[in-house]
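Quick notes on the structure that follows.
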Amino acid sequence: MRMWRFERSHVCVSKKFDFHENPKPFLKFLLYILFSSPQELGFDPTVRRYIKRVPKGVDPPSSGASSYRYEIAYRYQVGEKFFLTEGPPISEEAAYWVASRATRVWRVREMFFPNPGDETVYTLGDLKALKDTYLFDDAVLERDIRDQIMESLKGVAEVNIENAARYFMDYELDEVVRLPSEDEKWVEDDLTSCTDANVRAFYTPDSIGHGPNALPESQRASTSQRDSSRPTPTDSQAGASGGQTKPAETCWDNLQYHRRKHVRTVFSQVCQSIYELDNWATFIRCMKNLTEELNYMRLAGWVHRDISGGNCLWHPEAEQGKLTDLEYARPYKHSCKLPYDPRTGTPAFMAVEYQRREYLYTTRIGDVPLPVLWDEGENDDNDSEEILAQRLAFTYHFYHDLESLIWLYPWAACFRPPRCLSPESVEPLAKTLRVEGSRYFNCGIESNEARVSTVKDALDTNFFITQPLLDIYFRGSGCRFLLSGLDVVRPLAHAYKHLQSLQLDDKLPNGTAIWNASQFTEVLYNAFLTGFSKIEEEMKRRKDIFPMHHISNR
């Protein structure tokens, strides 16, 4: 038999042993289960279940029927404050994975106890949102990242700080969960266990082929529900010329896991994700706001690196789009020591260059195109292969965030079509749109050819606008103008090509060549805003918000 141990950061399994010949290990395990405290068994003492009485609001008192129903709620502790959940989780799809961030998002209200000794009597405050998640042990908290971005914007002359702040979430609390120590003082950070397997990952000549020795750094990757496994090097990482293979991304067998810390964040606003929106007017306005926020991040010198429908929010009360989940955001000119950066994000919305770890067009260092350097690297007297391996590493930049935003539009066109397209029956429409959407969104972290060709070939042809989409949207009652939002892929492709014709005249501390931040301009952002504004104006002219059908992608 073998015994298993499951934690948010890892799964461990014992060596095989014969229970009949050596029963002691298993008996020790049973004794541990019998005599351990709930906290030692993994129960979270900062969460308590409540049975809440909720008015039905249906039966009048005179009917004699009960006017209340009972539902389960959960009390979360954050520091010295307590919050009670209201209704089902806003998001929890990945929370049931054993090794994951285990994120749950709830609508909550703060609890106030008139008598601290009686927890059954309480009053509730205003509605807020609470996120419960497990981040890597060295991850920077969201509120700290937001504060760093805002601090960077203070040095930008053309930025109004108060206006920029509207695009970011308001963090009421953001902290690591504390657990009680043996003397019942709430002083211990909630971290996954520390074992011999917690040794930091190192890049060595054996694992990377060419490159620096012993560069310690966390191996972090965030993927969607459909692609949880770690990415492995594939043919897509082959060089751009002559079939020469670039150095491997990592040697996965040599990587160890990292501890996770338990973090709770309380937001002042309760927002809707892109997935929850119910009309195109709100969706377009949200897309405009998100474009403006990404431009603010560019001015601050930061990239988001994890844009998806779940991270793009709409605050109904303020009528404002906002980006959240800043855990993977970092400065564009970062100090990471890794020559190859672990990919983060949801595959369905990742930029194709980032998925494939190669630029779509010729890129130049100085006056020499990259493919030439790869061909002649071994014979170059001035550059060793070790230096080239660092200098030619792919780097995530500002335009990749914008491409992730672009992928939200075809997703909405396929899975949130306007109701005017199908006044009689939605099922035939849904079947066709699922087929169209699957071409782009049923993909792993390595992307697929449909995604790559759609972006790369957008210089000449817009493959987003397929004949099935034309047939559906053109036969609808005045909805065909919505497809014009798919044209934002054209200025993106031209911006990629223009950027990659420029010299990489800056570099990271690890020696990786990058474009200077000043080479990314607001021209592309303005092109997005112009396209979305035209759609918005057309909606106002038609005096319609164009309600959405919600079509499952399964």
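The values are calculated or read from the model by the stated rules, or taken from the named source; none is laboratory data. Given the structure is predicted, the values throughout are model-derived calculations rather than measurements. Cβ placement follows ideal geometry from the backbone for every residue including glycine, while neighbour counts extend to all protein chains displayed. Remember, those area values only see protein heavy atoms, side chains included, never the ligands or the DNA or RNA. Shrake-Rupley method; radii C 1.70, N 1.55, O 1.52, S 1.80 Å.
Flag not set for Leu459, criterion: crowded, with 20+ Cβ neighbours inside 10 Å and modelled with pLDDT of 90 or more. Here Met169, Met150 are screened, and the one residue that is over 19 Å from the mean Cα position of the chain (by Cα) and not basic (Lys, Arg) is Met150.
Does at least one position in segment 431-444 carry a residue that is among the hydrophobic types (A, V, I, L, M, F, W, C), in contact with a helix residue (DSSP H, G or I) (Cβ under 9 Å, 6 or more places away or on another chain), over 23 Å from Pro547 (Cα atoms) and assigned to a loop (DSSP other than H, G, I, E, B)? Yes, that holds for at least one residue.
Taken over segment 494-515, the criterion of being under 21 Å from Val455 (Cα atoms) and either in a loop (DSSP other than H, G, I, E, B) or in contact with a Cys (Cβ under 7 Å, 6 or more places away or on another chain) (or both) is satisfied by Gln500, Ser501, Leu502, Trp515.
The set of residues in segment 93-127 that are in contact with a Ser or Thr (Cβ under 6 Å, 6 or more places away or on another chain) and in contact (Cβ under 8 Å) with a residue 40 or more places away in the chain comprises Ala94, Arg101, Val108.
For segment 494-512, the count of residues that are farther than 28 Å from Thr362 by Cβ and in contact with a helix residue (DSSP H, G or I) (Cβ under 9 Å, 6 or more places away or on another chain) is zero.
One line per residue, one yes/no per condition, for (1) under 16 Å from Trp411 (Cα atoms); (2) surrounded by fewer than 18 Cβ atoms within 10 Å (Cβ to Cβ); (3) modelled with pLDDT under 95:
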site	(1), (2), (3)
Tyr473	yes, no, yes
Leu482	yes, no, yes
Asp506	no, yes, yes
Asn510	no, no, yes
Asn526	no, yes, no
Gly531	no, no, no
His549	yes, yes, yes
Ser552	yes, yes, yes
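So that you can scan it fast, the table gives a plain yes or no per residue for (1) within 20 Å of Ser552 (Cβ to Cβ); (2) modelled with pLDDT of 90 or more; (3) of a type outside the set (S, T, N, Q):
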residue	(1), (2), (3)
Leu388	no, no, yes
Leu392	no, no, yes
Tyr396	no, yes, yes
Trp407	yes, yes, yes
Ser422	yes, no, no
Arg451	no, yes, yes
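If the condition is being within 12 Å of Phe168 (Cα to Cα) and among the charged types (D, E, K, R), then segment 130-151 contributes Glu142, Arg143, Arg146, Asp147.
The selection criterion, being at positive phi, out of contact with any Ser or Thr (no Cβ under 6 Å at 6 or more places or on another chain), at pLDDT below 90 and open to solvent by 10 Å² or more (accessible area, probe 1.4 Å), holds for Arg357. Here Arg166 passes the criteria (1) over 22 Å from Pro45 (Cα atoms); (2) of a type in the set (D, E, K, R); (3) loosely packed, with under 12 Cβ neighbours inside 10 Å except the one numbered (3). Looking only at residues of segment 490-537 that are aromatic (Phe, Trp, Tyr) and under 13 Å from Lys333 (Cβ atoms), we find that the one that is nearest to the chain's Cα centre (by Cα) is Phe520.
When the residues of segment 59-91 are filtered to those that are within 20 Å of Asp44 (Cα to Cα) and open to solvent by 50 Å² or more (accessible area, probe 1.4 Å), the one that is modelled with the lowest pLDDT is Ser91. For segment 457-471, the candidate set comprises residues that are part of a loop (DSSP other than H, G, I, E, B) and of a type outside the set (Ser, Thr, Tyr); within that set, the residue that is farthest from Met350 (Cα to Cα) is Asp460. Residues satisfying the criterion are absent from segment 446-456 (criterion: in a loop (DSSP other than H, G, I, E, B), assigned by the TED database to the domain that holds Asp401 and surrounded by fewer than 16 Cβ atoms within 10 Å (Cβ to Cβ)). Between Asp325, Asp278, Asp306, the distinction of being of a type outside the set (A, V, I, L, M, F, W, C), in contact (Cβ under 8 Å) with a residue 12 or more places away in the chain and in contact with a Gly (Cβ under 6 Å, 6 or more places away or on another chain) belongs to Asp306 only. Among the residues here, Ala430 does not qualify as at pLDDT 95 or above and surrounded by fewer than 22 Cβ atoms within 10 Å (Cβ to Cβ). Checking the stated criteria, Ala99 turns out not to satisfy the condition of being assigned to a helix (DSSP H, G or I) and either aromatic (Phe, Trp, Tyr) or open to solvent by less than 60 Å² (accessible area, probe 1.4 Å) (or both). Specify the residue that is nearest to the chain's Cα centre (by Cα); the eligible residues are those in segment 1-33 that are open to solvent by 100 Å² or more (accessible area, probe 1.4 Å) and closer than 22 Å to Arg101 by Cβ. In this case the residue turns out to be Phe6. Residues that are closer than 22 Å to Leu492 by Cβ, open to solvent by 10 Å² or more (accessible area, probe 1.4 Å), in a loop (DSSP other than H, G, I, E, B) and of a type in the set (D, E, K, R) within segment 294-332 comprise just one, Arg305. Summed over segment 455-480, the residues that are touching a residue at least 40 places away in the same chain (Cβ under 8 Å) and over 26 Å from Ile545 (Cα atoms) give a count of 2.
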